Each structure stands twice: as structure tokens, then as C-alpha cells.
Amino acid sequence: MDDPNQGGPIFSVRFLISLLLIAAGIVYVVLWTLYVREERSGADPSSLIPGMGTLGDWNWLIGFGLVFVGLGAAAHPSTPLGRGRGVIVGMLGCFLIGLIWICTFYVFADQPQGKIWLLGDLGDLNLIVGIGFMAVGFTYATRWE
């Protein structure tokens with residue numbers, strides 16, 4: 001399955017691993033957010049992943065770290081996002097997601113914790129997430145020719 005305009009395969013093993021890492025990170029963040037919300041409501045949260053509750057805020061690092069590693073791995077030239085126009089799409093996409101994430105956090109920062117799904121649960125860690133997306137954008141910037 002080669003794209004004649006890009007000069008390489010559309011799907012490579014590295015790209016599929018990147019997609020799996022991104023999906024695993026998103027699922028982990030969603031599970032942790034549900035766990036935090038259940039715990040905050042006073043219920044005894046049940047976790048699908050044993051030991052998740054003992055990690056506390058480190059769960060955010062695990063989930064978003066998987067997303068960032070997956071995006072960073074997709075910047076390799078063997079993937080569609082690592083060559084040609086894909087580099088620009090990846091770079092600008094990560095920069096804009098990071099900027100929008102931080103701006104959205106600042107707009108809604110005065111809301112009670114937990115009122116807005118994920119943004120309210122993260123609190124000040126939203127800044128780290130936004131800057132993380134921008135940092136991943138720089139991995140694409142190094143591939144731009």
C-alpha cells in the first residue's frame with residue numbers, strides 16, 4: 001500500500017505502534033478521569049487496572065506520556081506523519097492543540113474543580129499537558145525539510 005506522492009508506505013509497523021500508544025494513552029486518561037470523579041463523589045471507585053488508585057496524580061503522566069510518546073514516534077520518516085506534508089500537519093496540529101488546551105484552561109480556570117470533564121480534574125497540570133503537546137510539535141519541526 002504505497003502512496004506515490006509521498007514515496008513510502010502508508011502503514012508501517014512503527015505507525016501502527018504509534019496509533020496503539022496514542023489510543024492506549026487516551027483510554028488510560030479516560031479511565032483515570034472516571035476513577036477520580038467516582039472517588040470525588042464519595043463512592044468507592046472500582047478500577048479496571050489494579051493499583052491505579054495508589055499512583056495518584058502519576059496516572060496523568062502515564063496516560064498523557066503514552067499519547068506524547070505515540071505522537072513522537074509517529075514523527076519518524078517511515079510513517080505518513082514523518083515525511084512530506086505530514087510533518088507540517090503533525091507540527092502545526094500539536095502546536096495548535098497545545099495552545100488551545102492552555103487557552104481553554106485559562107478561560108475556565110475559575111470553575112470548581114471537576115465541573116468541566118478532564119480540564120477541571122487536571123487542575124494546574126493542564127499547563128504541563130499543553131506544553132507537552134507543543135514539545136511534541138517540536139519533534140515534528142526537526143523533521144521539516
Checklist entry - If you go through region 78-88 one residue at a time, do you hit one that is within 30 Å of Tyr35 (Cα to Cα) and crowded, with 16+ Cβ neighbours inside 10 Å? => result no
Checklist entry - List pairs: first in region 125-139 and closer than 14 Å to Val67 by Cβ and in contact (Cβ under 8 Å) with a residue 24 or more places away in the chain, second crowded, with 21+ Cβ neighbours inside 10 Å and small (Gly, Ala, Ser), Cβ under 7 Å, 6+ apart or cross-chain? => result Thr139/Ala75
Next on the checklist: Suppose the filter is within 30 Å of Ile10 (Cα to Cα) and over 13 Å from the mean Cα position of the chain (by Cα); does Pro80 pass it?
Outcome noted: yes
Item to check | Members of region 1-33 found to be of a type outside the set (Gly, Ala, Ser) and at pLDDT below 85, listed by number | outcome: Met1, Asp2, Asp3, Pro4, Asn5, Gln6, Pro9, Ile10, Phe11
Checklist entry - If you go through region 50-75, how many residues are touching a Lys or Arg at 6+ places or on another chain (Cβ under 7 Å) and in contact (Cβ under 8 Å) with a residue 60 or more places away in the chain? => result 1
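What number of residues in region 67-87 are assigned to a loop (DSSP other than H, G, I, E, B) and within 16 Å of Glu145 (Cα to Cα)?
Going through region 67-87 one residue at a time, the tally reaches 7.
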Next on the checklist: Could you tell me how many of the residues in region 91-133 are charged (D, E, K, R) and touching a helix residue (DSSP H, G or I) at 6+ places or on another chain (Cβ under 6 Å)?
Outcome noted: 1
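Only one of Leu99, Leu66 is surrounded by fewer than 17 Cβ atoms within 10 Å (Cβ to Cβ) and either under 23 Å from Ser18 (Cα atoms) or of a type outside the set (Ser, Thr, Tyr) (or both). Can you tell me which?
The match here is Leu99.
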Checklist outcome for this item: Of the candidates Trp144, Trp101, Trp117, the one satisfying the condition of being assigned to a loop (DSSP other than H, G, I, E, B) and either under 18 Å from the mean Cα position of the chain (by Cα) or modelled with pLDDT of 95 or more (or both) is Trp117
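The values are calculated or read from the model by the stated rules, or taken from the named source; none is laboratory data. Values in this document were obtained by computation on a predicted structure and should not be read as measured data. Reconstructed Cβ throughout: ideal geometry from the backbone, glycine too, with neighbour counts over all protein chains shown.
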